[in-house]
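Below is one structure, written out as structure tokens; comments come after it.
The values are calculated or read from the model by the stated rules, or taken from the named source; none is laboratory data. Keep in mind it's a predicted model, so treat the numbers as computed, not measured. Virtual Cβ from ideal backbone geometry, glycine too; neighbours counted across all protein chains shown. SASA here: full protein model, heavy atoms, side chains in, ligands and nucleic acids out. Shrake-Rupley method; radii C 1.70, N 1.55, O 1.52, S 1.80 Å.
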Amino acid sequence: MQDGPKKSDDTKARLIEAAGAVFARQGFRWATVREICSRAGAHVGSVNYHFRDKEGLYAAVLEHTQRSAVEKYPPDLGLREGATPQERLRAFVHSLLSRILAEGVPAWHGKLLAREIAEPTEALDRLLQNSVRPLFSYLAGIVRELLEEADPPEGEESDVVFLCLMSIVGQCLQHYTARRAIAVLRPKSFDPSDIERIADHISRFSIGGIRELRAGKSP
């Protein structure tokens, strides 16, 4: 009797891993439950048993991969207490780049999230609320500190803070979504897999821009 729950958990984990690879390659619409179950070595009815349907499996995959990646690369990367906002911003950028570019997470993680952003499904809202919003709020706190802005009422970030967040995250995502173009256009001295160097550049570039905004200067 003790083997039952363990076997069920193993099947569920195999389904999530198999589904992540299939969804990342084919997208939600074209992925089939039959292919996922075949890849996972599971009965075709196991998706209904564990996740209700394909939509439920897809939502579980998105949440699982985001949670696993954040656990491996937390937004503060274990910084000491009392770290400066500049140090916390760099750690955040480094952790985000690691989640989408490093080999320490499933190979399909970055591709799956990029596909979901480009071709959103109903699961995106749930992912944004449960997994992405806490990271968004954490980064917003860093940016407000750099801008020397007071904390606003919940959910009412200023335009300048919001635009800074979009700029920082956009710079990070560009290194994944435009990786083919980068591979063609990059100078020979630039290594697109050098996360440390990219994180340092994005951080310095962003801090410089925020400093200009705080000073009220225009180009």
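Does at least one position in region 202-210 carry a residue that is free of Cβ contacts under 8 Å to residues at least 40 places away in the same chain, open to solvent by 90 Å² or more (accessible area, probe 1.4 Å) and outside any loop (DSSP other than H, G, I, E, B)? Within region 202-210, one or more residues are free of Cβ contacts under 8 Å to residues at least 40 places away in the same chain, open to solvent by 90 Å² or more (accessible area, probe 1.4 Å) and outside any loop (DSSP other than H, G, I, E, B).
Looking across region 105-121 at every residue that is under 18 Å from E71 (Cβ atoms) and of a type in the set (A, V, I, L, M), the one that is most open to solvent (accessible area, probe 1.4 Å) is identified as A107. Checking each residue in region 170-188 for being outside any helix (DSSP H, G or I) and open to solvent by 50 Å² or more (accessible area, probe 1.4 Å) picks out R186, P187, K188.
Figure legend. Inter-residue proximity from region 171-196: first residues among the charged types (D, E, K, R), second residues open to solvent by 60 Å² or more (accessible area, probe 1.4 Å), beta-carbon distance below 8 Å, spacing 6+ or different chains. Indicated pairs: D191/R197. Scanning region 64-102 for residues that are farther than 20 Å from Y176 by Cα and charged (D, E, K, R) returns E71, D76, R80, E81, E87, R88. Residues that are without any contact (Cβ under 8 Å) to a residue 60 or more places away in the chain and in contact with a Ser or Thr (Cβ under 7 Å, 6 or more places away or on another chain) were ranked within region 146-169; the one that is surrounded by the fewest Cβ atoms within 10 Å (Cβ to Cβ) is P152. Annotation: of all residues in region 74-99 being open to solvent by 40 Å² or more (accessible area, probe 1.4 Å) and part of a helix (DSSP H, G or I), the one that is nearest to A21 (Cα to Cα) is R90. Among the criteria (1) surrounded by fewer than 19 Cβ atoms within 10 Å (Cβ to Cβ); (2) under 14 Å from the mean Cα position of the chain (by Cα); (3) among the aliphatic types (A, V, I, L, M); (4) more than 30 Å from R204 (Cβ to Cβ), the one A102 does not fulfil is (4).
Quick one: would you say H50 is in a helix (DSSP H, G or I), free of Cβ contacts under 8 Å to residues at least 60 places away in the same chain and touching a Ser or Thr at 6+ places or on another chain (Cβ under 8 Å)? For H50, the condition - in a helix (DSSP H, G or I), free of Cβ contacts under 8 Å to residues at least 60 places away in the same chain and touching a Ser or Thr at 6+ places or on another chain (Cβ under 8 Å) - is met.
Being part of a helix (DSSP H, G or I) and without any contact (Cβ under 8 Å) to a residue 12 or more places away in the chain narrows it down to one residue among E71, E17, E63, E35; which is it? After applying the criteria, what remains is E71.
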